[in-house]
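Reviewing the structure listed below.
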Amino acid sequence: METKTVKQKPLFEGEPIYSMWLRELLRFIAMPSRILATFASPFTWLVLLGVPLSQVFPTGDIQSMFGGLTFFAFIVPGVLSMGLLFGGTNSGVTVLWDKEFGFLKEVMVAPVRRTSLMIGRSLGALTIALIQAVVTIAVALVLGIWLGFRIISIAGFILAVCFMIITFFAFVGFGLTLGAMIEETEGFMTIIRMIEFPMFFLSGALLPLNMIEGIPVLYQLQFINPLTYGVDGIRGFLTGANFLPLWLDITVIVAFALLFLFLGAYKFSRMEVD
Amino acid sequence: MDDVIEVHQLTKKFGDFTAVDHIDFTVRRGEIFGFVGPNGAGKSTTIKMLTTMLHPTSGSARICGYDVAKESDEVRRHIGIVFQDRSSDDYLTGRQNLDFHARMYGMSKSDREEKMEEVLDLLELKGKENIRLRILPEGVRRRFEVARGFMTRPDVVFLDEPTIGFDIKARMDLWNQIKTAREKEGVTVSLTTHFIEEANYLCDRVAIIDKARIVALDTPRNLKEAVGTDLISVQIAEGGERRAAFIEKVKELDWVKRVEEYSNSILLNAESGEGRVADLIDFADAHGFVITSIDEHEPSLEDVFLHFTGRTIREAEGEGTGMRPGRIVGEM
Ligand SMILES: Nc1ncnc2c1ncn2[C@@H]1O[C@H](COP(=O)(O)OP(=O)(O)O)[C@@H](O)[C@H]1O
Ligand SMILES: [Mg+2]
């Protein structure tokens, strides 16, 4: 009788995580339309929305409404947060795609922890989201020479990036949970968009939170929207013009990230491959 | 340990429906073992349990000594799987897919590269490895998936309907490639198919599975011998009582060993000899029966299926339609 050796899976599986990360990037490179969308989107929002609307909200007294920022500087964190919301949620949700196209089976039967699969995948999407964020900030800084956007400090920038990473993972967990719950690819993307866009518009990304104080329900909805805290935090770290206390932004985003990553990981670990 | 796959009373239920019903079998090292049966017989469900994708409802299975339910990770390290449905990333090239797979199984860089060359060679994929799968024809993609199954030097490779959707040429090629792979790698191969000819050509032993149960298991040769030495299938013009009378009558012929009645043909199991068909026609004539079709052949696995289940494999596939396509002599 042969003696059996049962190998324990290591806690940290570097190679599988790297493989998943690499696969995300290879896929990204393989889809020119995605590359284009990733780089074009910051331009669309900043140039086509930010520049014209800056003319509607001229500098001067009105700036107090935007926490002392110009309108352009005000929406830069909003545009950044949108990239995180869409990128993160999509990354979670596209697990469904892998299921639909059969690839999930291939990874699920590998002798690898499911959490490693998830981590690698999310890190791939994070890399792309961060590239997009850097492009956004670069474009904003250039236009900001005329339209009044600048970063308060290097420390602020670094903290903003860290905060953006947590926010991103919060939405990965959110997307993963949604994906595992809906389990139906038909019309799925439409449902996701129907959730994402209201979240974006009611987050203070484009307009100050208190501007709609007079509108009941919509005003209150902003405060149960996790993205609100993401936007405010990024804005606070980058420009110093946060509306809410930063500790609150951090607490809410970290809590939201933990909750949904846990829920998403749980759903994912129980997902039937077949 | 010579039995690499040991299956004992393996059962899978989906709710009240039993997809695999208390099956037993063992597969020896180096064997090509085939599951043959119509669509819906339970072949994929069996393979999914053996490859740890589905939990057995009851019974047990061991791969290389490891229990599929309790030691699934160990099982996974020892097997290669070619799924019935597509399972590659279409946006990546064949090489990227293979490389991804090998990394997931912890193969070193030099090992990956060496093995990559080997499987590309084996499945005749050289020159296609840097093309994105989505622009390659279905058959080539499939071959990359088969290649992937052999990539990590598994002890057992499972292939679920490996040649589905292939034309005859591609099918023959893949069969030979699988045979070569078995020889070169010394691996055990377990495959499912509903192409009788595939099992006949490729498998050392075959389990015939129908309605969730194994109805026969042996080498193709022994299975065919169990059916008889020579088969004559006859259709006569009349049905009902006349048909029954004909069946009674032919039993009187001394070279007829057994008569089996199917929905619209009668199968005579004959002792080998010259001029059986002519004899039978004369015999029918003499007793006033009209033969509308007659054909003599050596038993094939098709007949084996018919013999053990009472239906042809095509009847079983189109269950409910009541259609019985005529037998085509010499069809692959
Ligand atoms: N997940 C499932 N839920 C319910 N029934 C299933 C499931 N998977 C397979 N079946 C049923 O089990 C039977 C056997 O299926 P399968 O093993 O795929 O057959 P085969 O591979 O031999 O064609 C079929 O009737 C199929 O409908
Ligand atoms: Mg099947």
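Take the alpha carbon atoms of the range A:160-218, find their center, do the same for the range B:61-105, and report the distance between the two centers in whole angstrom.
36 Å
Using Cα pairs under 8 angstrom and six or more residues apart, how large is the relative contact order of chain A, in percent?
Details: 345 pairs, mean separation 73.5, N = 274.
So the answer I get is 27 percent.
Can you give the average number of partner chain beta-carbon atoms within 10 Å of each beta-carbon in peptide B:96-103, as a whole number? All intermediate terms of the calculation are to be shown ahead of the outcome.
Numbers: counts 5, 4, 0, 4, 10, 4, 2, 9.
That average works out to 5.
Take the alpha carbon gyration tensor of the protein assembly as shown, find the square roots of its eigenvalues, order them as a ≥ b ≥ c, and report rounded if a/c is under 1.5; if not, report prolate when a/b exceeds b/c, else oblate.
On the way: a/c = 3.12, a/b = 2.58, b/c = 1.21.
Cα axes put the protein assembly as shown in the prolate bin.
Could you list which residues have their amide H under 5 Å from that of residue B:205, counting only those 5 or more apart in sequence or on another chain, with H placed in the peptide plane?
Amide H neighbours of residue B:205: B:32, B:34.
Using only the alpha carbon atoms of the range B:229-298, find the Kirkwood hydrodynamic radius as the inverse mean reciprocal pair distance, in angstroms to one decimal. Please report the intermediate quantities before stating the final value.
On the way: mean 1/r = 0.0840 Å⁻¹.
One over the average 1/r among Cα pairs gives 11.9 Å for the range B:229-298.
Can you give the Rg to Rh ratio of the range A:136-193, both from alpha-carbon atoms, with Rh computed by the Kirkwood formula?
On the way: Rg = 17.5 Å, Rh = 14.3 Å.
In the range A:136-193, Rg relative to Rh is 1.22.
Quick query: amide H of residue B:69 versus all other amide H atoms, modeled in the peptide plane; which residues come in under 5 Å with a sequence gap of 5 or more or a different chain?
The answer is B:61.
Could you pull out every whole DSSP H run in chain A that spans at least 15 Å of Cα extent along its own axis and averages 1.0 or higher on the Kyte-Doolittle scale? Provide the component values of the computation, followed by the final result.
Values: long enough: A:14-30 (24 Å, 0.35); A:32-43 (17 Å, 0.62); A:71-93 (33 Å, 1.48); A:114-147 (48 Å, 1.72); A:154-182 (42 Å, 2.40); A:188-201 (20 Å, 1.44); A:226-239 (20 Å, 0.40); A:246-270 (36 Å, 1.63).
Going by DSSP H runs, the hits are A:71-93, A:114-147, A:154-182, A:188-201, A:246-270.
Expressed as a whole number of Å, what is the distance separating the alpha-carbon centroids of the range A:19-43 and the range B:206-268?
62 Å
Just to confirm my numbers, what's the Cα centroid distance between the range A:54-97 and the range B:108-144 in Å?
45 Å
Report, as an integer, the average count of C-beta atoms from other chains found within 10 Å of each Cβ along B:70-80. Mind showing how you got there, number by number?
Values: counts 1, 2, 2, 8, 5, 2, 5, 3, 1, 2, 0.
Rounded to a whole number, the mean comes out at 3.
Please say if the range A:98-227 is rounded, prolate or oblate, where rounded means a/c under 1.5 for a ≥ b ≥ c the square roots of the C-alpha gyration tensor eigenvalues, and otherwise the choice is prolate for a/b larger than b/c and oblate otherwise? Walk me through the numbers on the way to the answer.
Details: a/c = 2.50, a/b = 1.40, b/c = 1.78.
Oblate, since a/c reaches 1.5 and b/c is not below a/b.
For residue B:210, which sequence-distant residues (separation of 5 or more, or a different chain) have an amide H within less than 5 Å of its own amide H, given hydrogens modelled in the peptide plane?
For residue B:210, whose amide H was placed from the backbone, the distant partners under 5 Å are B:215.
Ranked by accessible surface with a 1.4 Å probe, highest first, in what order do B:85, B:99, B:67 come? Don't skip to the end; give the middle numbers.
On the way: B:85 90, B:99 35, B:67 15 Å².
Solvent-accessible surface, decreasing: B:85, B:99, B:67.
Counting each pair of different Cα atoms once, what's the Kirkwood radius of the range A:197-242 in Å, rounded to one decimal? Could you put the intermediate results ahead of the total?
Details: mean 1/r = 0.0947 Å⁻¹.
After inverting the pairwise mean of 1/r, the radius is 10.6 Å.
Of the residues A:63, A:222, A:132, which exhibits the maximal mean-square fluctuation in a Gaussian network model of chain A defined by a 10 Å Cα contact cut-off?
Of A:63, A:222, A:132, the most mobile in the Gaussian network model is A:63.
Work out how far the C-alpha atoms of chain A reach from end to end along every principal axis, then list the three figures in whole Å, largest first.
Taking max minus min along each principal axis of the Cα atoms, chain A gives 86, 38, 35 Å.
Return the calculated 222 nm mean residue ellipticity for chain B, to the nearest 500 deg cm²/dmol, obtained by summing -39500 (n - 2.57) across DSSP H runs with n ≥ 4 and dividing by the residue count. Let's see the in-between values first.
Details: 12 runs with 123 residues, N = 332.
Mean residue ellipticity, 222 nm, calculated: -11000 deg cm²/dmol.
Roughly what % antiparallel, to the nearest 5, for the DSSP beta bridges in the range B:61-219?
Values: 8 of 17 bridges.
Among the beta bridges of the range B:61-219, antiparallel pairing accounts for roughly 45 percent.
Let me know the volume per residue of the alpha-carbon convex hull for the range A:155-274, in Å³. Don't jump to the answer; show the numbers that get you there.
Details: hull volume 13.1 nm³, N = 120.
Dividing the Cα hull volume of the range A:155-274 by its residues yields 109 Å³.
Do the sum for chain A: with -39,500 (n - 2.57) for every DSSP H run of n ≥ 4, divided by all residues, what is the mean residue ellipticity at 222 nm, to the nearest 500 deg cm²/dmol?
Values: 12 runs with 193 residues, N = 274.
So the calculated ellipticity at 222 nm is -23500 deg cm²/dmol.
In a Gaussian network model over chain A where Cα atoms closer than 10 Å are linked, find which of A:248, A:130, A:218 has the largest mean-square fluctuation.
A:218
For the range B:6-121, what is the convex hull volume of the alpha-carbon atoms per residue, in Å³? Could you put the intermediate results ahead of the total?
Details: hull volume 16.4 nm³, N = 116.
So the per-residue hull volume is 141 Å³.
For the range A:26-162, rounded, prolate or oblate, judged on the Cα gyration tensor with a ≥ b ≥ c (square roots of eigenvalues), a/c < 1.5 rounded, else prolate if a/b > b/c? Kindly include the intermediate steps, with their values, before the conclusion.
Details: a/c = 3.11, a/b = 2.37, b/c = 1.31.
Because a/c hits 1.5 or more and a/b exceeds b/c, the range A:26-162 counts as prolate.
Run through the range B:219-272 and list the trypsin sites (Lys or Arg not before Pro) located in a DSSP loop whose Cβ has at most 15 other Cβ atoms within 10 Å. Please list the in-between numbers first.
Working: sites: B:221, B:224, B:242, B:243, B:249, B:251, B:257, B:258; in loops: B:251.
Answer in residue order: B:251.
Please report the antiparallel percentage of the DSSP beta bridges confined to the protein assembly as shown, to the nearest 5. The partial results should precede the final answer.
Values: 37 of 55 bridges.
About 65 percent, rounded to the nearest 5.
Along the charge dipole of the protein assembly as shown, Cβ charges K/R +1 and D/E -1, which of B:52, B:275, A:111 sits furthest on the positive end?
It is A:111, whose Cα lies furthest towards the positive end.
How large is the direction-averaged shadow of the alpha-carbon convex hull of chain B, in nm²?
So the Cα hull casts an average projection of 19.4 nm².
Let me confirm one metric for peptide A:9-17, namely the mean number of other chain beta-carbon atoms within 10 Å of its residues' beta-carbons. It would help to have the intermediate numbers written out before the result.
Working: counts 1, 1, 0, 0, 2, 1, 7, 5, 0.
Shielding by partners across A:9-17 averages 2.
The values are calculated or read from the model by the stated rules, or taken from the named source; none is laboratory data. On a predicted model such as this, the values are computed, not experimentally measured, just so you know. Using ideal geometry, Cβ is built from the backbone for each residue, glycine included, and neighbour counts are taken over all protein chains shown. Surface areas here come from the heavy atoms of the whole protein model, side chains and all, with no ligands, DNA or RNA. Shrake-Rupley method; radii C 1.70, N 1.55, O 1.52, S 1.80 Å.
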